[in-house]
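Engineer: Take a look at the following structure, please.
None of the figures in this text is laboratory data; all of them are computed from the coordinates on show. This is a predicted model, so every value here is computed, not measured. Note that each Cβ is placed from the backbone with ideal geometry, even for glycine, and that neighbours are counted across all protein chains shown.
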Amino acid sequence: MFDQVKDKYASLGVDVEKALEAMTSTPISLHCWQGDDVGGFEGGDGTLGSGLAVTGNYPGKARSIDELRQDLEQALSLLPGSHRLNLHAMYGDFGGKSVDRDAIEPAHFQSWIDWCRQQGLGMDFNPSCFSHPNADAGFTLSSPDQGIRDFWIAHCRASRQIGAVIGEQLGSPCVTNIWVPDGMKDLPADRLGFRQRLEASLDAVLEEKLSPAHNIDAVESKLFGIGSESFVVGSHEFYMGYAFKNQTALCLDAGHFHPTESIADKISSVLMFVPELLLHVSRGVRWDSDHVVLFDDATQAIMQELVRCDALPRTHIGLDFFDASINRIAAWAIGTRAAQKCLLLALLEPREKLRQAELEGDYTSRLLLLETAKALPWSVVWEEFCRRNNVPGELALADSIRQYERTVLAGRA
């Protein structure tokens, strides 16, 4: 059947084998925080703050670094292709010691680097500018308090240094992404002042030049959040301008915009002016930004735009969702595979014929081709991709997840 499907696609000028090669060479950065509900390993009570919340209490949450790595290994065993780990600073291996965030060092993440090397993974990193006493007032890098700003500047500087060590040791650039929750529940009197302080703090963070072969800086915006419904300092316009001006990567999080707003249309514009793009593939539902990714129109549109713009070499694809109401390994597997399926569907589009029809003004053929592509048996190609990577196909996925739940997760009190 797969050979027959290849022939069908070939009749439209689509090379299926080339699409599968692109799938293999396009890693997805798997976010660690799905596995323990954004708890981290700093030794606190695990209570989230700074407008973040995780709902649900499904049994089997990872309670230690060893359990989180065990769960990540299980999730990775269900995913075809190549992948990366996306780690937040609060997940350091601190050996039971209290290490404040302005004092983190590469040594606190060496065991993660070693684990990634063993697993054949690249690694990305994030400063954790939330769920900390110095973020309780709602502001970090834009705080009116100079001492608070200095603390978070030191934390973000340390995070960049850690990112550079990660990239150097693993031989693959680490994307170090800065997101801060700064904002207000009600209307501010001085928006400009907060944004000027944020710009100055970011300038201080990025002052030291690091090799892009080891570390890639990215900045991330948000529309609003819990407790910052009326004003977010780091808006899309702010970070878009900052990334353009300073030539950092720009992170577009699919859950950080208006519920009816797609980031797909932004991709081609942004890529004209920044060197690289970071995507956080997520799913916004009303005022919540981090539901498990689905094989839906919004995600398909994002991947289509990346492929149509020939932007995969300049784009870093990561995930950002957390759901504690369902099996956490299932959430990783379902969400990552959904993103991958959307990417595969985009790679199987008859792009050259579509472009030619559009250039010739033949919009009838363009529409026909788009609809024809939707009806082709792309799922056969997906199953072949899973088979070649020795991971479960769609019908076998549930059994693999349930077996791990019975043998491992059920034993965690």
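Engineer: How large is ³J(HN,Hα) for each residue in segment 222-238, as worked out from phi by the Karplus curve 6.51 cos²θ - 1.76 cosθ + 1.60 (θ = phi - 60°), to whole Hz, x for Gly and Pro?
Structural biologist: After applying 6.51 cos²θ - 1.76 cosθ + 1.60, I find 7, 7, 7, x, 5, x, 9, 5, 9, 7, 10, 4, x, 6, 4, 5, 4 Hz.
Engineer: For GLN119 and ASP362, what does the FRET efficiency come to when R0 = 56 Å and r is the distance between their Cβ atoms, rounded to the nearest 0.05? Each step should come with its number before you reach the end.
Structural biologist: Numbers: r = 48 Å, r/R0 = 0.86.
Efficiency, rounded to the nearest 0.05: 0.70.
Engineer: Separate question: Give me the distance in nm between label points sitting 7 Å out from Cα along the Cα-to-Cβ direction at ASP136 and ASP102, one decimal.
Structural biologist: Label-label distance for ASP136 and ASP102, simple model: 1.7 nm.
Engineer: Now for a separate question. With each run of n ≥ 4 DSSP H residues scored as -39500 (n - 2.57), what mean residue ellipticity at 222 nm is computed for the chain after dividing by its residue count and rounding to the nearest 500 deg cm²/dmol?
Structural biologist: -13500 deg cm²/dmol
Engineer: For a quick check: with amide H placed at 1.01 Å from N, whose amide H comes under 5 Å from ILE216's, ignoring anything fewer than 5 positions away on the same chain?
Structural biologist: Under 5 Å from the amide H of ILE216: CYS174, VAL175, THR176.
Engineer: Write down Rg/Rh for segment 137-221, rounded to two decimals, with Rg from the C-alpha atoms and Rh from the Kirkwood relation over Cα pairs. Display every interim value, and only then the final one.
Structural biologist: Details: Rg = 14.3 Å, Rh = 13.7 Å.
Radius of gyration over Kirkwood radius for segment 137-221 works out to 1.05.
Engineer: Here is a follow-up. Among SER262, SER11, SER230, which one shows the highest mean-square fluctuation when the chain is modelled as a Gaussian network with alpha-carbon springs under 10 Å?
Structural biologist: Most flexible of the set in this elastic network: SER11.
Engineer: Using the Karplus equation 6.51 cos²θ - 1.76 cosθ + 1.60 (θ = phi - 60°), what ³J(HN,Hα) coupling, rounded to whole Hz, does each residue of segment 88-96 give in order, writing x for Gly and Pro?
Structural biologist: After applying 6.51 cos²θ - 1.76 cosθ + 1.60, I find 8, 4, 6, 9, x, 8, 8, x, x Hz.
Engineer: Sticking with this structure for a sec: Give the calculated FRET efficiency between LEU294 and THR372 to the nearest 0.05, with a Förster radius of 25 Å applied to their Cβ-Cβ distance.
Structural biologist: Details: r = 24 Å, r/R0 = 0.94.
After rounding, the FRET efficiency stands at 0.60.
Engineer: Comparing THR24, THR364, THR315, which has the greatest mean-square fluctuation in the GNM of the chain with Cα pairs linked when under 10 Å apart?
Structural biologist: Evaluated over the chain, the most mobile residue of the options is THR364.
Engineer: Which number comes out as Rg/Rh for the chain once both Rg and the Kirkwood Rh are worked out on C-alpha atoms? Kindly include the intermediate steps, with their values, before the conclusion.
Structural biologist: Numbers: Rg = 21.4 Å, Rh = 22.1 Å.
Rg/Rh for the chain comes to 0.97.
Engineer: How large is ³J(HN,Hα), in whole Hz, for each residue of segment 346-363 in order, when computed from phi with the Karplus curve 6.51 cos²θ - 1.76 cosθ + 1.60 and θ = phi - 60°, using x for Gly and Pro?
Structural biologist: Those phi angles translate into 5, 5, 8, 5, x, 4, 5, 5, 5, 5, 5, 4, 5, 4, 8, x, 8, 6 Hz.
Engineer: Another question about this same structure. Any chance you could run the full-extension gain for ARG406 through PHE273? It's 0.36 nm times the residue separation minus the Cα-Cα distance, nm to one decimal. Provide the component values of the computation, followed by the final result.
Structural biologist: Working: separation 133, 0.36 × 133 = 47.88 nm, distance 4.98 nm.
So the extension gain works out to 42.9 nm.
Engineer: Within segment 378-407, find all residues whose amide N lies under 19 Å from a label point positioned 7 Å from the Cα of GLN4 along Cα-to-beta-carbon.
Structural biologist: Once the point is set 7 Å along Cα→Cβ of GLN4, 378-385 turn out to lie under 19 Å by backbone N, inside segment 378-407.
Engineer: Identify the chymotrypsin sites (Phe, Trp or Tyr not before Pro) of segment 110-143 meeting these criteria: DSSP loop state and at most 13 other C-beta atoms within 10 Å of the C-beta. Write down the numbers at each step before the final one.
Structural biologist: Values: sites: TRP112, TRP115, PHE125, PHE130, PHE139; in loops: PHE130, PHE139.
Counting only loop positions with at most 13 other Cβ atoms within 10 Å, none of the chymotrypsin sites (Phe, Trp or Tyr not before Pro) in segment 110-143 qualifies.
Engineer: Too long at a 27 Å Cα-Cα cut-off: which of LYS245/LYS266; LYS61/LYS97; LYS18/LYS222; LYS222/LYS245?
Structural biologist: Values: LYS245/LYS266 17 Å; LYS61/LYS97 22 Å; LYS18/LYS222 36 Å; LYS222/LYS245 19 Å.
From the list (LYS245/LYS266; LYS61/LYS97; LYS18/LYS222; LYS222/LYS245), the Cα-Cα distance tops 27 Å for LYS18/LYS222.
Engineer: State the extension gain, in nm to one decimal, for the chain segment bounded by LEU187 and SER77, taking 0.36 nm per residue of separation less the distance between their alpha-carbons.
Structural biologist: Numbers: separation 110, 0.36 × 110 = 39.60 nm, distance 4.75 nm.
Contour length minus Cα-Cα distance gives 34.9 nm.
Engineer: Could you pull out every residue, at least 5 positions away or on a different chain, whose amide H is within less than 5 Å of the one on LEU278? Hs are placed 1.01 Å off N in the peptide plane, and Pro or chain starts have none.
Structural biologist: Amide H to amide H, under 5 Å and 5 or more residues apart or across chains, LEU278 pairs with LEU250, CYS251, LEU252, HIS316.
Engineer: On a full-extension model of 0.36 nm per residue, what is the gain between ARG308 and ARG355, subtracting their alpha-carbon distance, rounded to one decimal in nm?
Structural biologist: Numbers: separation 47, 0.36 × 47 = 16.92 nm, distance 0.92 nm.
Separation in residues times 0.36 nm, less the Cα-Cα distance, equals 16.0 nm.
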